[in-house]
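The values are calculated or read from the model by the stated rules, or taken from the named source; none is laboratory data. For clarity, every value in this text was computed on a predicted model and none was experimentally measured. Positions of Cβ are backbone-derived with ideal geometry, glycine not excepted, and every protein chain shown enters the neighbour counts. For accessibility, only protein heavy atoms count, side chains too; no ligands or nucleic acids. Shrake-Rupley method; radii C 1.70, N 1.55, O 1.52, S 1.80 Å.
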2 protein chains.
Amino acid sequence: MGKKVAIGVDLGGTNFKFGLVEEDGNILKKDVVEVAGDRSINGVIALIVSEIKKLVASEHDVVGLGIGMPGIVDRKKGIIYKSPNYFGWVDAPVLDELKKYFKMPIVLDNDANMVALGEHWLGAGKGVSNFLMVTLGTGIGGGWIINDKIFHGDRGFAGEIGHIIIDFNGVMCNCGNRGCLEAYASATGLKRMIKDWEDVPEKSAFVSKLNSSIESISPIEVFKFASDGDIFAGQVWKKFGAYLGAGLASLVNAMGIETIIIGGGLTKAWDFFIDPTLKEFNKRTYKEIAEKVRIKRTELLDDAGVLGAAKVIFSC
Amino acid sequence: MGKKVAIGVDLGGTNFKFGLVEEDGNILKKDVVEVAGDRSINGVIALIVSEIKKLVASEHDVVGLGIGMPGIVDRKKGIIYKSPNYFGWVDAPVLDELKKYFKMPIVLDNDANMVALGEHWLGAGKGVSNFLMVTLGTGIGGGWIINDKIFHGDRGFAGEIGHIIIDFNGVMCNCGNRGCLEAYASATGLKRMIKDWEDVPEKSAFVSKLNSSIESISPIEVFKFASDGDIFAGQVWKKFGAYLGAGLASLVNAMGIETIIIGGGLTKAWDFFIDPTLKEFNKRTYKEIAEKVRIKRTELLDDAGVLGAAKVIFSC
């Protein structure tokens with residue numbers, strides 16, 4: 001037998017990431033697949049199976065398979081109750097499906113939980129017993145590390161921090177409710193804020209782009225315009241940051257946890273939102289608490305989810 | 001030596017409660033002192049000392065002293081950083097002061113944490129490994145039981161749930177920030193909502209009372225008017241309940257904890273706010289989560305804090 005490896009899988013909104021991970025965290029092989037087509041359960045399961053077959057060779061001693069995916073995941077039962085990116089996945093028995101193909105330990109969990117565990121193992125959360133992991137992407141993911149372990153709550157649903165209420169009579173969120181944090185401080189929220197902006201300045205390259213194609217605008221573009229010095233694009237990130245800061249203040253006030261790690265695609269715009277985030281955070285927490293809180297940036301970047309999913313297996 | 005007892009003390013906004021508690025939770029003796037006068041550290045310490053001397057007799061084998069009080073309490077250091085009801089208590093070294101008088105183990109903690117532990121020991125949280133304790137009084141207190149223990153966060157400050165943000169641009173809270181839950185769903189919030197109410201109906205006994213003395217109105221009076229069928233008083237509790245429901249939804253979404261216990265003086269009005277609370281809560285949580293959550297009423301009522309403070313000592 002060869003080296004002991006765990007398979008870590010991170011199912012995102014647009015990309016599926018796969019990695020063969022050694023016990024020391026070294027990623028032996030990895031692969032990223034853009035998922036444009038079939039999002040049915042069978043389609044996704046088939047893709048996972050074929051990708052893993054490509055990754056694994058006879059020299060690998062595979063000890064298990066960890067999978068992180070967005071949504072409400074019941075880790076014990078291996079069921080996805082609901083997932084924002086996989087329409088029609090209701091009470092999906094993903095674990096049972098995968099067991100038909102793999103005779104090894106398999107663990108499913110929410111993707112932000114896996115990211116949190118990855119950062120705890122090898123990243124910005126190394127040596128930190130308690131922290132909140134925040135992933136800023138299409139939506140907002142959250143994972144709690146408490147006493148050096150993922151905290152799942154009673155049935156595995158902890159960390160739906162995108163749906164804390166930040167504005168009682170606020171805008172509609174994709175979840176059907178009003179004023180959720182995700183309706184402001186996510187890619188979806190960013191786009192929504194731009195559409196709803198009341199006093200858009202008249203002249204700028206960014207505004208011209210918005211006027212011609214607001215539907216297709218992406219956070220990366222808003223970031224690029226801000227980087228090029230566009231003042232309105234900068235204001236958008238500032239507002240995004242303020243809402244994020246208020247949301248993080250709520251969570252720190254509630255839980256007394258003093259480390260927050262922020263990851264996800266939108267951290268690219270870190271320099272544009274972090275100061276407004278900190279300003280609002282400090283305003284909305286007691287001084288005695290605020291002065292000890294560290295808001296850190298992901299260290300593992302895109303690998304955090306795959307590493308965390310593998311770590312779940314090594315910790316079994 | 002006689003029976004083993006712990007002294008449990010619950011320092012509230014208007015009353016200090018003292019109890020001699022046996023290991024099985026039986027309260028041998030108790031005393032309640034209304035604290036109208038001196039709130040200096042020395043004054044409060046002197047009162048605690050004299051009350052405990054009255055309670056304890058030679059036949060008692062006192063194993064320790066537990067004290068719960070509102071505010072930001074550093075349990076390890078025994079320091080109160082700040083307390084809403086004790087102006088001028090900044091970085092107050094309460095533990096060191098008490099040690100001058102008592103040669104026994106002494107534990108200080110936030111009052112809502114003590115209440116949570118009391119309910120976990122003998123009340124509505126018996127046998128429940130994870131729950132959130134909410135105390136509705138002048139302000140809102142919060143205590144988390146996680147894995148059958150008080151969860152303190154990193155330095156003991158977990159549970160400031162009165163200061164989660166529920167309305168980004170909302171009304172001012174006593175803490176200096178805007179839109180905190182406490183500015184709506186507490187005695188302070190109730191009074192503030194009544195003052196700010198926009199379309200007060202013209203005729204009712206409650207409205208007459210408000211017109212003559214709005215400053216002196218108490219939650220108990222609002223409760224009594226609602227009990228007597230006053231429609232406006234009922235509407236006030238309904239709004240109170242809706243905000244509470246949104247706040248609890250935020251906390252359940254964030255933590256995935258499926259039991260909430262509500263205590264504190266305002267639970268007297270339970271029948272008037274609980275339906276709006278549940279309605280708003282259900283609206284703002286995923287169905288899969290909401291259907292499993294139990295929102296329960298305190299079982300230990302006014303004794304919860306004293307019992308929890310004693311339990312801390314028995315668990316040392």
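Some points to look at:
- Residue among B:G241, B:G176 that alone is more than 24 Å from B:E299 (Cβ to Cβ) and within 14 Å of another protein chain (Cβ to nearest Cβ): B:G176
- Residues (closer than 19 Å to A:A112 by Cα and touching a Phe, Trp or Tyr at 6+ places or on another chain (Cβ under 9 Å)) located in segment A:7-32: A:I7, A:G8, A:V9, A:D10, A:L11, A:V21, A:G25, A:V32
- Under the condition of being crowded, with 23+ Cβ neighbours inside 10 Å and not in a strand (DSSP E or B), the residues counted in segment B:139-149 number 1.
- Looking only at residues in segment B:273-316 that are assigned to a helix (DSSP H, G or I) and of a type in the set (V, I, T), the one that is farthest from the chain's Cα centre (by Cα) is B:I289.
- Identity of the residue in segment A:255-271, under 19 Å from A:K149 (Cα atoms) and among the aliphatic types (A, V, I, L, M), that ends up nearest to the chain's Cα centre (by Cα): A:I262
- Scanning segment B:4-29 for residues that are part of a strand (DSSP E or B) and farther than 20 Å from B:Y101 by Cβ turns up B:K4, B:N15, B:E22, B:I27, B:L28.
- Breaking point among (1) in contact with a Leu (Cβ under 8 Å, 6 or more places away or on another chain); (2) more than 11 Å from chain A (Cβ to nearest Cβ); (3) surrounded by fewer than 24 Cβ atoms within 10 Å (Cβ to Cβ), for B:L266: (3)
- A single member of A:G64, A:G71, A:G8, A:G43 is touching a Gly at 6+ places or on another chain (Cβ under 9 Å), among the small types (G, A, S) and in contact (Cβ under 8 Å) with a residue 12 or more places away in the chain, and it is A:G8.
- Pairs are defined by a Cβ separation below 8 Å, a sequence spacing of at least 6 or placement on different chains, a first member in segment A:251-272 that is over 20 Å from A:H120 (Cβ atoms), and a second member that is assigned to a strand (DSSP E or B) and open to solvent by less than 10 Å² (accessible area, probe 1.4 Å); the pairs so defined are A:A254/B:G142; A:G265/A:L136; A:L266/A:L136; A:W270/A:I262.
- Just one of the numbered conditions (1) surrounded by 24 or more Cβ atoms within 10 Å (Cβ to Cβ); (2) within 14 Å of another protein chain (Cβ to nearest Cβ) is not true of B:V312: (2).
- Scan segment A:56-77 for residues that are open to solvent by less than 10 Å² (accessible area, probe 1.4 Å), among the aliphatic types (A, V, I, L, M) and at pLDDT 95 or above and the total you get is 2.
- In the condition set (1) open to solvent by 10 Å² or more (accessible area, probe 1.4 Å); (2) at pLDDT below 95, A:V94 is compliant with all but (1).
- In the set (1) closer than 29 Å to B:L301 by Cα; (2) open to solvent by 20 Å² or more (accessible area, probe 1.4 Å); (3) of a type outside the set (A, V, I, L, M), B:D196 fails one condition alone, (1).
- Residues of segment B:150-159 that are assigned to a loop (DSSP other than H, G, I, E, B), modelled with pLDDT of 95 or more and open to solvent by 20 Å² or more (accessible area, probe 1.4 Å): B:H152 alone.
- Scanning segment A:282-309 for residues that are buried (at least 23 other Cβ atoms within 10 Å of the Cβ) and touching a Leu at 6+ places or on another chain (Cβ under 7 Å) yields A:L307, A:G308.
- There is no residue in segment A:123-136 that is out of contact with any Lys or Arg (no Cβ under 7 Å at 6 or more places or on another chain), away from chain B (no Cβ under 12 Å), of a type in the set (S, T, N, Q) and part of a loop (DSSP other than H, G, I, E, B).
- Selected residue (criterion: surrounded by the fewest Cβ atoms within 10 Å (Cβ to Cβ)) from residues of segment A:160-183 that are of a type in the set (G, A, S) and under 18 Å from B:F168 (Cβ atoms): A:G170
- Within segment A:283-307, tally of residues that are of a type in the set (G, A, S), away from chain B (no Cβ under 14 Å) and farther than 9 Å from A:G123 by Cβ: 1
Residues are listed down the side, and each one gets a yes or a no for (1) in a helix (DSSP H, G or I); (2) open to solvent by 30 Å² or more (accessible area, probe 1.4 Å); (3) out of contact with any Lys or Arg (no Cβ under 7 Å at 6 or more places or on another chain); (4) within 13 Å of chain B (Cβ to nearest Cβ):
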{"residue": "A:A112", "(1), (2), (3), (4)": "yes, no, yes, yes"}
{"residue": "A:G118", "(1), (2), (3), (4)": "yes, no, no, no"}
{"residue": "A:R192", "(1), (2), (3), (4)": "yes, yes, yes, no"}
{"residue": "A:E215", "(1), (2), (3), (4)": "yes, yes, yes, no"}
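- Filtered residue count, segment A:137-173, keeping only those that are touching a residue at least 24 places away in the same chain (Cβ under 8 Å), at negative phi and more than 10 Å from chain B (Cβ to nearest Cβ): 9
- Test for A:E221: is it among the acidic types (D, E), over 25 Å from B:S250 (Cα atoms) and open to solvent by 10 Å² or more (accessible area, probe 1.4 Å): yes
- Residue among A:V236, A:V207 that is aliphatic (A, V, I, L, M), farther than 28 Å from B:V252 by Cα, open to solvent by less than 10 Å² (accessible area, probe 1.4 Å) and free of Cβ contacts under 8 Å to residues at least 40 places away in the same chain: A:V207
- A:I257 falls short of the stated requirement of being assigned to a helix (DSSP H, G or I) and among the β-branched types (V, I, T).
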